[in-house]
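Data block below; observations after.
Only the coordinates and a few stated rules stand behind these numbers; no lab work does. Keep in mind that what you see is a predicted model, and the values were worked out from it rather than measured. When we count neighbours, we look across all protein chains shown, and the Cβ atoms used for this are built from the backbone with ideal geometry, even at glycine.
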Amino acid sequence: MNALLRKCLMESEKPSRYVGGEVNAPVFREGVFSFCMCFPEVYEVGMSNLGTKIVAKSMEDAGFGVDWCFAPWPDFGEKLKENGIPLASLHAKKPLSSFDMVAFSLGFELSYTNVLYMLDLAHIPLLRREREGKGYPVIACGGPCCVNPAPLCDFVDLFFIGDGEEVDAEVGRLYEESPDRETFLQKAAEIRGVFVPKYPKERVRSALVEDLDKAIYPESFMVPNCEAVHDRAVIEVMRGCYRGCRFCQAGFLYRPVRARSVETLTKQAKSIIESTGYDELSMNSLSTGDYPHLRELIRSLKRELPDVDLALPSLRVDSFDAEFAQDSRKSSLTFAPEAGTQRLRDVINKDVTLEEILHAASSAFDLGYSSVKLYFMFGLPTETDEDLLGIADIATKISELYYTKKRKKSLRISISASTFIPKPFTPFQWERQASEEEVKHKLSVLKSSLRMRGVTLSWNDFFTSRLEACLARGDERMGEVIAEAYRQGARFDSWMEHFQPSAWQRAFAACGVDPERYTREWSEEERLPWEFVDIGVSREFFLREKHRAYENRSTGGCLQGCKGCGLQEVCPKGKEL
Amino acid sequence: MIVFRYTKKDGGEFLSHLDLLRHIDRTMKRAGIEVKRSEAVNKHPKIYLSAPLGVGISSEAEYCSVDTDFEGDFKEAFNAHAPRGIRCVSYRHTEGKVNVAYEITANAFLVEGIAPFDPEEILREETLVLTDKRGRTKDVRPSILELERRGESTYMKLKTGEATLRPDVLGEYLAGRYGGEVSSVLKIQSYGLEKYGL
């Protein structure tokens with residue numbers, strides 16, 4: 001390691017984020033297509049991400065040279081910049097600019113400026129047209145945010161849309177076979193699941209892995225040098241969710257629901273646990289409680305991995321089962337009713353009733369739980385003050401239930417309320433977002449009604465939600481705003497200590513773009529900026545769902561019969577029916 | 001128990017003490033070396049490390065003891081599964097509990113980057129008061145057991161215990177007084193563990 005880099009590391013917080021050498025890290029192969037898997041967030045967050053591990057694994061299996069890079073925390077980033085040291089990959093310490101492809105995973109809109117930040121630190125021009133013909137790497141993006149590529153088209157050469165497992169390596173092979181960059185980009189644009197802004201298509205279909213059980217999955221995880229946010233083994237039990245909550249983008253993007261077999265999952269879990277030394281295994285999916293063989297899976301995992309703690313995130317209220325809770329040492333129970341009244345829960349198609357919440361809470365309280373977390377949204381379509389007051393009503397009922405018996409501890413209820421963000425590819429994609437005035441009012445209703453003993457309320461920053469909506473629903477003009485905001489100093493926008501609303505406000509003003517352009521209601525006749533992407537769920541289905549919402553009618557989910565979302569042909573559940 | 005000597009370098013010097021403990025625990029698990037655990041609710045592995053090394057200080061002489069009945073080639077098993085820069089150099093089986101942190105009396109370091117100076121000048125002084133980052137002053141002279149120039153390097157043997165003095169702190173003081181800039185610090189030996197022959 002050279003003395004200058006060493007000095008930068010010594011003067012930065014948690015230098016082990018940047019040195020590499022993690023157990024199970026890929027060995028970089030020279031002389032083949034080289035791929036740098038970037039995550040535009042700090043190491044501890046990036047190391048917890050599953051999607052990038054799958055992508056990297058598919059590239060490694062294809063025989064390509066693979067390395068990683070995460071966003072340097074601002075202290076280290078500043079030092080690199082001051083000293084003119086270009087951002088390099090984690091293990092092989094190759095400058096990012098020397099790779100054939102530098103690919104970012106976008107799971108959260110507020111990480112967009114970090115893509116520019118990393119390119120900038122890597123001495124790679126931010127704009128596609130500034131890189132043209134100069135031998136820079138192909139800049140690619142993938143991940144759920146890419147279903148609306150429009151705001152990033154100025155910066156990105158190639159988007160991966162949908163499941164990456166098979167497409168990633170195909171693109172790598174195409175790169176190796178192509179005589180030059182242009183031929184590569186032209187041909188790549190023809191692949192399903194790939195969008196090349198330079199060679200646009202009328203309709204871009206997202207890629208789909210039909211058989212998840214046979215899909216690529218890492219046999220081992222890199223073990224991070226410093227503790228990651230989720231420092232544990234992860235198996236992906238299912239992809240997709242049967243439920244169809246109308247606000248939930250992931251619920252539609254990852255359709256149809258595909259599950260892995262107990263046998264495959266057990267094998268994958270064993271392999272990851274043995275190669276990492278982790279003592280916790282997380283069974284991931286959007287709704288693990290809906291996995292059809294959950295009991296069998298838990299039995300199998302406990303038999304094969306007796307010393308490993310099992311974590312079940314995203315358990316839904318109605319699938320909460322005392323049997324699962326007993327093993328965990330957690331003292332807090334989390335529910336996400338999302339809305340305060342049954343009427344509004346019907347509007348958003350969240351099929352959870354107050355009785356179910358109380359029933360689940362009751363068994364948990366008897367097991368010794370004394371703390372409840374409740375997640376709600378506000379600013380939902382058709383919402384009135386009555387719906388907001390319903391939240392206090394739920395809190396009161398939970399509290400009454402708790403104190404019907406004598407308990408050792410007093411009950412704590414923490415309520416987290418976040419502003420509704422209308423996202424592309426949901427039945428609510430045409431909706432407007434609540435204005436600042438409305439949000440103020442709604443918060444005051446919540447604050448005054450929740451002045452109860454043992455209840456705490458937290459909410460997210462208004463401007464952050466507004467920005468998330470603008471980025472999620474943005475068009476090409478939003479790209480100009482992103483570039484300007486970065487120039488004004490915006491980065492790490494999801495970190496309150498680094499978020500600079502003023503940089504964004506100046507950027508919107510400088511570009512002459514009113515955020516209202518993206519947060520307003522869209523008419524059903526308008527063409528939405530992302531509608532050239534086809535995720536398989538039909539526009540008609542989304543419209544039907546939107547109209548039912550306005551009639552206060554829930555639809556239920558796929559488990560209560562097929563609702564004809566448009567993916568029947570490829571849906572394993574649809575085939576069963 | 002097994003007591004072993006290991007390196008912490010080649011990037012490993014940037015691991016924090018807490019992370020290092022976690023890594024050693026996981027290395028044991030990957031290697032199939034079963035470590036005994038405490039009986040508490042949170043079952044701590046019975047792994048005992050020598051005193052924390054400042055982040056960024058490399059070492060060829062870190063020590064650790066683990067409560068295990070492992071009979072195989074410990075060094076080979078450990079090294080096949082340890083993170084980069086963490087390498088077992090030698091090991092011994094011992095009877096009874098060993099906690100290396102309490103047995104070490106002094107450590108020796110090589111510090112690079114300090115301009116040539118006469119160590120006798122420092123050793124002749126009866127007190128050497130340094131101010132740390134938080135503005136606290138302390139006489140560190142009693143901690144300095146030996147100070148020599150070895151070629152371009154500065155060798156220092158520092159006492160541990162209550163008067164523990166960080167080699168980089170002393171190195172920076174010397175660089176400030178005589179010129180140069182500390183470019184690396186390497187721990188080469190600990191004293192007090194001779195009986196284990198590591």
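Listed values, structure above:
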item: Whole-Å distance, taken between Cα centres, linking segment A:243-317 and segment A:92-145; result: 32
item: Sorted by Cβ neighbour density within 10 Å, fewest at the top, the residues A:Val570, A:Val234, B:Val98; result: A:Val570, B:Val98, A:Val234
item: Size of electric dipole in chain A: Cβ of Lys, Arg +1 and of Asp, Glu -1, about Cα centre, debye, nearest 20; result: 1140
item: Reach of A:Lys442 by Cα under 30 Å, taken over lysines that are not fewer than 8 positions away in the same chain; result: A:Lys350, A:Lys373, A:Lys397, A:Lys423, A:Lys546
item: Those trypsin sites (Lys or Arg not before Pro) in segment A:395-465 that DSSP places in a loop and that have at most 12 other beta carbons within 10 Å; result: A:Lys405, A:Lys406, A:Lys408, A:Lys409, A:Arg451, A:Arg453
item: Modelled FRET efficiency - R0 60 Å, A:Gln186 with B:Lys195, Cβ distances, 0.05 increments; result: 0.25
item: Coarse-grained scattering of segment A:3-205 at q = 0.08, 0.12, 0.17, 0.19 Å⁻¹, given as base-10 log I(q)/I(0) from a Debye sum over alpha-carbon atoms; result: -0.24, -0.56, -1.15, -1.46
item: Amide N proximity, segment B:91-123 versus B:Asp10 label position 7 Å along Cα-to-Cβ, cut-off under 18 Å; result: B:91
item: Kirkwood hydrodynamic radius (C-alpha pairs) into Stokes-Einstein, segment B:40-198, 25 °C and 0.890 mPa s, D in µm²/s; result: 140
item: Long-range amide H partners of A:Val372 with built H, under 5 Å; result: A:Leu333, A:Arg412, A:Ile413, A:Ser414
item: In Å, descending, principal axis extents of the Cα set of segment A:452-577; result: 54, 49, 28
item: Using alpha-carbon coordinates, inclination of helix A:539-550 to the longest axis of chain A, degrees; result: 30
item: The protein assembly as shown: antiparallel DSSP beta bridges as a percent of all, rounded to 5; result: 50
item: Within chain B, helix-based [θ] at 222 nm, where runs of 4 or more DSSP H residues each add -39,500 (n - 2.57), nearest 500; result: -6000 deg cm²/dmol
item: Tilt relative to chain A, helix A:262-276 - C-alpha long axis, 0 to 90 degrees, to 10; result: 60
item: Among A:Phe159, B:Leu147, A:Leu446 the positive-end extreme of the charge dipole of the protein assembly as shown (Cβ point charges); result: A:Leu446
item: Label point distance in nm, B:Leu123-A:Arg407, each placed 7 Å from Cα along Cα→Cβ; result: 6.9
item: All lysines inside 18 Å of B:Lys187 as judged from Cα atoms, apart from same-chain residues fewer than 8 positions distant; result: B:Lys8, B:Lys9, B:Lys157, B:Lys159
item: Average beta-carbon neighbours from other chains, 10 Å sphere, peptide B:8-19; result: 5
item: Amide H within-cut-off set for A:Cys141, under 5 Å, with H built and near neighbours excluded; result: A:Phe104, A:Leu158, A:Phe159, A:Phe160
item: Cα long-axis angle, helix A:294-304 against chain A (0 to 90 degrees, to the nearest 10); result: 60
item: Solution diffusion estimate, µm²/s, Stokes-Einstein, segment B:2-102, Kirkwood Rh from C-alpha pairs, 25 °C, viscosity 0.890 mPa s; result: 180
item: Global form of segment B:106-194, assessed from the alpha-carbon gyration tensor, a/c cut-off 1.5; result: rounded
item: Table column - 3J(HN,Hα) (Hz), segment B:62-77, Karplus curve with 6.51, -1.76, 1.60, x for Gly and Pro; result: 9, 10, 8, 10, 10, 8, 8, 9, 4, 10, x, 6, 4, 4, 5, 5
item: Estimated [θ] at 222 nm from DSSP helical runs (n ≥ 4, -39500 (n - 2.57)) normalised by residues in chain A, nearest 500; result: -10500 deg cm²/dmol
item: Centroid-to-centroid separation of segment B:13-78 and segment A:423-471 [C-alpha atoms, Å]; result: 47
item: Trypsin sites (Lys or Arg not before Pro) within segment B:119-198: DSSP coil, no more than 12 neighbouring Cβ in 10 Å; result: B:Lys133, B:Arg134, B:Arg136
item: DSSP-assigned coil residues among GluC sites (Glu not before Pro) in segment A:109-209, each with at most 14 further Cβ atoms within 10 Å; result: A:Glu132, A:Glu190, A:Glu202
item: Whole-Hz ³J(HN,Hα) from phi, Karplus 6.51 cos²θ - 1.76 cosθ + 1.60, for segment A:355-363, glycine and proline x; result: 4, 5, 4, 5, 5, 5, 5, 4, 5
item: Estimated FRET transfer efficiency when R0 is 45 angstrom, pair A:Arg517-B:Glu112 (beta carbons, to 0.05); result: 0.15
item: Label-point separation, A:Ala3 to A:Asp61 (7 Å along Cα→Cβ), nm; result: 4.7
item: About the Cα centre, charge dipole magnitude for segment A:1-123 (Lys/Arg +1, Asp/Glu -1 at Cβ), debye; result: 280
item: B:Ser90 long-range amide H proximity, modeled H, under 5 Å; result: B:Arg5
item: A:Glu13/A:His123 FRET efficiency (R0 25 Å; Cβ-Cβ; nearest 0.05); result: 0.60
item: Whole-Hz ³J(HN,Hα) from phi, Karplus 6.51 cos²θ - 1.76 cosθ + 1.60, for segment A:388-401, glycine and proline x; result: 5, 5, x, 5, 5, 4, 4, 4, 4, 5, 5, 5, 4, 4
item: Order of A:Glu468, B:Glu146 under a 10 Å beta carbon neighbour criterion, fewest first; result: B:Glu146, A:Glu468
item: Dipole of segment B:56-136, positive end: most advanced residue of B:Ala108, B:Tyr91, B:Val129 [Cβ charges, Cα centre]; result: B:Val129
item: Anchor A:Lys270: lysines whose Cα lies under 18 Å away (excluding residues fewer than 8 positions away in-chain); result: A:Lys53, A:Lys57, A:Lys214, A:Lys302, B:Lys29
item: Mean projection area, nm², convex hull over Cα of the protein assembly as shown; result: 36.7
item: Exposure proxy order (Cβ contacts within 10 Å, fewest to most) of B:Phe4, A:Phe420; result: B:Phe4, A:Phe420
item: Nitroxide proxy distance, nm - points 7 Å out along Cα→Cβ at A:Thr384 and B:Ser90; result: 8.3
